[in-house]
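What follows is a short report on a single structure.
Nothing in this text is a laboratory measurement; each read-out follows from the coordinates by a stated rule. Everything quoted here is computed from the prediction, not taken from an experiment. FYI the Cβ positions are ideal-geometry reconstructions off the backbone, even for glycines, and counts take in every protein chain you see.
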């Protein structure tokens, strides 16, 4: 495992900062959906994005990332 050097920590902090202030594709799609169709019509889209993120976090928590690394053909 790589040691956490000051340079690596600075790069991680910069990445975390930039990631936290820029909208991702889901936020941009939700903004466009809300502007075009209204808030109520965009609620299913919002729930889908939130549900998908939840499934992703659970899959990573269960170790599926390691499984996919070990068997790339999956």
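Considering only 35, 13, 59, the Gaussian network model of the chain with Cα springs below 10 Å gives its largest mean-square fluctuation to 13.
If you average 1/r across every pair of different Cα atoms in the chain and take the reciprocal, what Kirkwood value do you get, in Å? Provide the component values of the computation, followed by the final result.
Details: mean 1/r = 0.0644 Å⁻¹.
Kirkwood radius, the chain: 15.5 Å.
Note on the chain: with a GNM built from Cα contacts shorter than 10 Å, the maximum mean-square fluctuation among 50, 19, 33 falls on 19.
With both labels modelled 7 Å from their Cα along Cα-to-Cβ, the residue 35 to residue 68 distance reads 3.1 nm. Computed over the chain with a Gaussian network model linking Cα atoms closer than 10 Å, the most mobile of 15, 54, 39 is 15.
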